[in-house]
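Structure, as structure tokens:
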Amino acid sequence: MAFLTNFYAFLFYFAAFVLVFGLIFKIVQYSRTPAPLKIPTTPAPTTRSGVVFRMTREVVLFESLFRGNKWTWIFGWMFHFGLFLVTLRHLRYFLDPVPFPIQLVQPFGIYGGLAMVVGLAGLWVRRFAVDRVKYITATSDHLILGLLVLIGCTGLLMKFVFHTDVVEIKSFFLGLYSFDIKPLPGDPLLLLHLLLVASLMIIFPYSKLLHAPGLFFSPTRNQVDNPREQRHIAPWAKRLDQQ
Amino acid sequence: MAKATFEVPALSQYTEVPPVTPDAMAHSAPFKSKDEWQDALGFPGELPEDWQAKAIDKMGDLLGKYRSLRVYMDSCVKCGSCTDKCHYFLGTKDPKNMPVGRQDLMRKVYRRYFTLAGRFFPKLVGAEDFTKEVLDDWYSYFHQCSQCRRCSVFCPYGIDTAEISMAAREIMDSIGVGQKYCNEIIAKVYRIGNNLGLPGPALEDTLEGLEEDVFDDTGVKVRYPLDEEGAEILLVTPSADFFAEPHVDGLIGYGKVFHEAGVSWTISSYASEAANFGMFIGSYANMRKLAQRIREAAIKLKVKRIVFGECGHAWRVAYSFLNTLAGPWDFLDPRYPVPQHICEFTYELIKEGKLNLDKSENDDKVLTFHDSCNVARASRMGTTPGGQFEIPRAILKATCNNFYDMDEDTIRDRTFCCGGGGGLLTDDLMEIRVKGAKPRLDALNNVMQEKGVTHMAAICAICKSQFTKVLPYYGMEMDQIVSLHQLVSNALVLTPGEDDEEPDEDDDLDKNDNDEDTDEAA
Ligand code: HEM
Ligand code: HEM
Ligand code: SF4
Ligand code: SF4
């Protein structure tokens, strides 16, 4: 067991490192790249707070997707909202004591897990059933869906069929904070679940999963529609003015 | 006319999403630009030996300059929401005309050279080397995008394929692969001042001719001034307004509105072009250089306000970019936004009750309104979001008794492009133009059948030219497309000036001098 424990400890340090620094690198890159022109998709809000409201609707409700395609929206939203609940539920492994709201959300996390898997399945079916979506699908798109479905299924199996020792898991992860490596239960399902989760963390900054931070930097969504009132100019464009 | 060498799609009541048919439009490509024009724009004239390395360098450069490009290359999850939104896909069935299909032409190169995944596992993530075949695909399909932004409305991340088409064209220009239509025209503006290459004297003749026409028609002396220093307003309008039908009827309308408002105005021969083709080719430098001409003209003519005529992409550059490209405009009258749209100007007068409009003058028509893509999705009019939809409709309703909107899914921010925008308005791209017009014409045909609509009003020079050319392919009449200000012009009851009662001899003299030119222009 010691080998496996050490392996997973190392794996999670590595995955966390890649995730955090990979994302920081991308976010810094996005924020350092100027948007030289005003290109909000109009009608667009004319104030900052309007933009915050628009962005909130995009993040929480997937407003544009709703206008674009109802089926994708239903499955996509189910998956993401499920993922959100699952994430909240999982916080109990990483926080001690477990905050009250996280305790409250525990039962919903299970529905979240189910919703997540159903949503993913719906999205995956579209990749075969709709010829346009099939055309744009690359192997990596299937792999990411497969990865998430497997994570979901292994998790649900642990929840409903092959229980694992969640107390021990928690002490393993809390131990990682202080480089104190505690034993991890050796259940194969758990090990698989964790292996897949670590892979997800590693690919996150190098794949289309960048859509999550990307949305916040999208100029067509995050710009205020006020070009006549306020002159907008990027540093590299300003240099042209000075020539 | 309308003899097609390709199959014109049959109109349907609602536009159906066609089955994917790979390479259906792979043969379409515009004429290539030539040395002289490339040179005038600061681009090489020929594909260099090491074009691939140069193109990748340029791509890296643009990725560092445009956040849109960087974020959009990374963010697409292939959700498919945009796949059935592009009029060119709906009209051609070619999957590379699905917005995401078009983006992927660039994204596969981006992934290959700029991402870890694409460097190590190209097959897995659909990355590809930048080969000559890929470049040919780029040339073909990035010239099948009218930069209409319909895709960006429905993408959950607002991915705007127009941004990607622009970047692709800039990259191709930087390795000597330019498009004739756009680059020749930009070179013409640098030389002469407008897209049509109309020199100052020709403009003067045309405008004098208009004055006479209006006088003959109405008995009122309405002025169409050129290069008048000290005028209050500089009108910048697409050069097609000077002679093409139905554009010129719009220009006549602007003049009448200015007349009724009692403001002095002028056109500039130096900046006699509203359309800025620098945007089509994604070249910030050229777009800026073109925009600067307007600034120079405004300073030289000592005007206080700038008003733009009816044009879609031009209004995008004017509304969204002009302040960036040629501002600050602190030397103009701060009480007015810079620039203003002619519709905003007319609408204000209507609200104040300053225009005497006789709607029955347009009773021979039943109208609908085409929201031009770049006005709808890339700009605004008035002070509230969506003014670009409400203001033109308010003008229509003030000037016509019979008005019906087309299907709600095809207007306002969901409007379909006319099929000729973004630098595609050229005869060598006729097939894509005709096929791309299908979704708009489906909707038009629908209101023609159900509501008896006879005419469609537009506020864009490209839309007007495109429909004039394309409507006959679908068995419609070319003059079913009209300028919005043509309707204003018809309905407007002019106030006679002091010297209008009896035309004096001077006027008659002018008239005889210029009769021929007037005919040419009309
Ligand atoms: C700010 C947070 C996020 C937002 C606003 C967001 C939004 C979206 C939207 C609108 C879609 C397209 C519709 C769909 O296919 O579901 C999508 C797809 C996707 N998202 Fe997210 N997402 C976020 C975070 C995440 C995270 C953290 C993951 C990580 C596991 C993720 C994984 C995916 C996947 C795999 C797809 C593609 C589904 C498919 O292949 O069809 N998303 N996301
Ligand atoms: C290091 C991180 C993770 C750990 C330690 C972990 C651990 C666990 C454990 C122990 C269970 C069983 C719960 C029970 O028996 O009550 C579980 C369930 C589950 N896990 Fe994870 N997991 C992690 C990350 C993830 C991620 C990132 C996802 C989603 C992408 C996920 C999705 C699920 C699902 C859907 C379930 C079933 C529903 C539930 O119990 O919430 N897990 N996980
Ligand atoms: S911008 Fe318009 S023409 Fe270009 S891909 Fe998007 S919908 Fe099609
Ligand atoms: S809608 Fe946006 S994210 Fe979805 S496939 Fe199209 S470009 Fe990609």
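Laid out as a table, the results:
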| read-out | value |
| --- | --- |
| Kirkwood estimate for the stretch A:2-242, i.e. one over the average of 1/r between Cα atoms, Å | 20.7 Å |
| The stretch A:85-213, relative contact order in percent, only Cα pairs under 8 angstrom and at least six apart counted | 23 percent |
| Crossing angle, helix A:2-32 versus chain A [Cα axis fit, 0-90 degrees, rounded to tens] | 10 degrees |
| Cut-off 11 Å between beta-carbons: net charge of the residues surrounding B:VAL338, Lys and Arg +1, Asp and Glu -1 | +3 |
| Relative contact order (percent, whole number), the stretch B:48-175, Cα cutoff 8 Å, 6+ residue spacing | 30 percent |
| Nearest-20 debye value, the stretch B:252-394 charge dipole, Cβ charges on Lys, Arg, Asp, Glu | 600 debye |
| Area of B:ARG412 that stays accessible when all protein chains are in place (1.4 Å probe, Å², to 10) | 60 Å² |
| Chain A - accessible surface per residue (Å², probe 1.4 Å) | 50 Å² |
| Charge-dipole axis of the stretch B:48-175 as Lys and Arg at +1 and Asp and Glu at -1 on Cβ define it, positive-most pick from B:TYR141, B:PHE121, B:ILE175 | B:PHE121 |
| Angle in degrees between helix B:284-300 and the longest Cα principal axis of chain B, rounded to the nearest 10 | 20 degrees |
| Listed residues A:LEU85, A:LEU37, A:LEU148, most fluctuating in chain A (Gaussian network, C-alpha, under 10 Å) | A:LEU37 |
| Accessible area, probe 1.4 Å, largest first, for residues A:THR137, A:THR47 | A:THR47, A:THR137 |
| Between helix B:132-141 and chain B: long-axis angle, C-alpha atoms, 0 to 90°, nearest 10 | 30 degrees |
| Chain B, accessible area per residue, ligands and nucleic acids excluded (1.4 Å, Å²) | 35 Å² |
| Assigned charges on the beta-carbon of Lys, Arg, Asp, Glu; the protein assembly as shown dipole about Cα centre (debye) | 6260 debye |
| Net charge, A:ILE27 excluded, C-beta distance under 15 Å - Lys, Arg +1, Asp, Glu -1 | +3 |
| Gyration tensor (Cα) of the protein assembly as shown, equivalent ellipsoid semi-axes in angstrom | 54, 26, 25 |
| Average Cα contact separation per residue, the stretch B:192-491, under 8 Å, 6 or more apart, as relative contact order % | 20 percent |
| Ranked by how many other beta carbons lie within 10 Å on average, peptides B:446-459, B:133-146, B:264-277 from highest | B:264-277, B:133-146, B:446-459 |
| Exposure of B:TYR190 as accessible area (Å², to 10), given a probe of 1.4 Å and all protein chains | 50 Å² |
| A:ARG239 accessible area, 1.4 Å probe, all protein chains in place, Å² to nearest 10 | 140 Å² |
| Rg(Cα) / (2.2 N^0.38 Å) computed for chain B, rounded to two decimals | 0.98 |
| Threshold 30 Å², the stretch B:121-144 residues less accessible with all protein chains present than alone (1.4 Å probe) | B:LEU124 |
| By accessible area with a 1.4 Å probe, ligands and nucleic acids excluded, highest first: order of A:LYS208, B:LYS180 | B:LYS180, A:LYS208 |
| Whole-percent pair-distance distribution, where bins are 10 Å wide, for the alpha carbons of the stretch B:1-79 | 11, 21, 31, 26, 11, 0 |
| At R0 = 56 Å, FRET efficiency that the Cβ-Cβ distance of A:VAL125 and B:GLU498 yields, to 0.05 | 0.15 |
| Centre separation in Å (Cα based) which lies between the stretch B:193-259 and the stretch A:194-243 | 44 Å |
| Hydrodynamic radius (Kirkwood) for the stretch B:359-410, which is based on Cα pairs only, to one decimal in Å | 11.9 Å |
| Full-extension gain in nm, A:ASP180 to A:GLN106, via 0.36 nm per residue minus C-alpha separation | 23.9 nm |
| Most positive-pole-ward Cα, A:ALA138, B:GLY230, B:GLN340, against dipole of the protein assembly as shown from beta carbon charges | A:ALA138 |
| A versus B: buried accessible surface, summed, Å² (probe 1.4 Å, to nearest 100) | 5500 Å² |
| Accessible-area composition of chain A, carbon plus sulfur, in percent [1.4 Å probe] | 74 percent |
| Dipole magnitude (debye, nearest 20) for the stretch B:48-175, charges at Cβ of Lys, Arg, Asp, Glu | 440 debye |
| Isolated Cys in chain B, by beta carbon distance under 4.7 Å | B:CYS76, B:CYS79, B:CYS86, B:CYS145, B:CYS155, B:CYS182, B:CYS311, B:CYS343, B:CYS400 |
| Burial of 50 Å² or greater, the stretch A:203-240 residues [accessible area, probe 1.4 Å, versus chain by itself] | A:TYR206, A:LYS208, A:HIS211, A:PRO227, A:ARG228, A:ARG231, A:TRP236, A:LEU240 |
| Environment charge of B:ARG191, counting only residues whose C-beta is closer than 11 Å and scoring Lys/Arg +1, Asp/Glu -1 | -1 |
| Cα lying deepest toward the dipole's positive end in the protein assembly as shown, options B:ALA318, B:ALA29, B:PHE130, charges on Cβ | B:PHE130 |
| Highest-fluctuation residue, A:LYS182, A:LYS70, A:LYS170 considered, GNM on chain A with Cα pairs under 10 Å | A:LYS70 |
| Loop-located GluC sites (Glu not before Pro) in the stretch B:21-126, at most 15 other Cβ atoms within 10 Å (DSSP) | B:GLU46, B:GLU49 |
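The values are calculated or read from the model by the stated rules, or taken from the named source; none is laboratory data. Here the structure is a predicted model, which is why all the values come from computation and not from measurement. Backbone-built Cβ (ideal geometry, glycine too); neighbour counts: all protein chains shown. Accessible surface areas use protein heavy atoms only, side chains included; no ligands, DNA or RNA. Shrake-Rupley method; radii C 1.70, N 1.55, O 1.52, S 1.80 Å.
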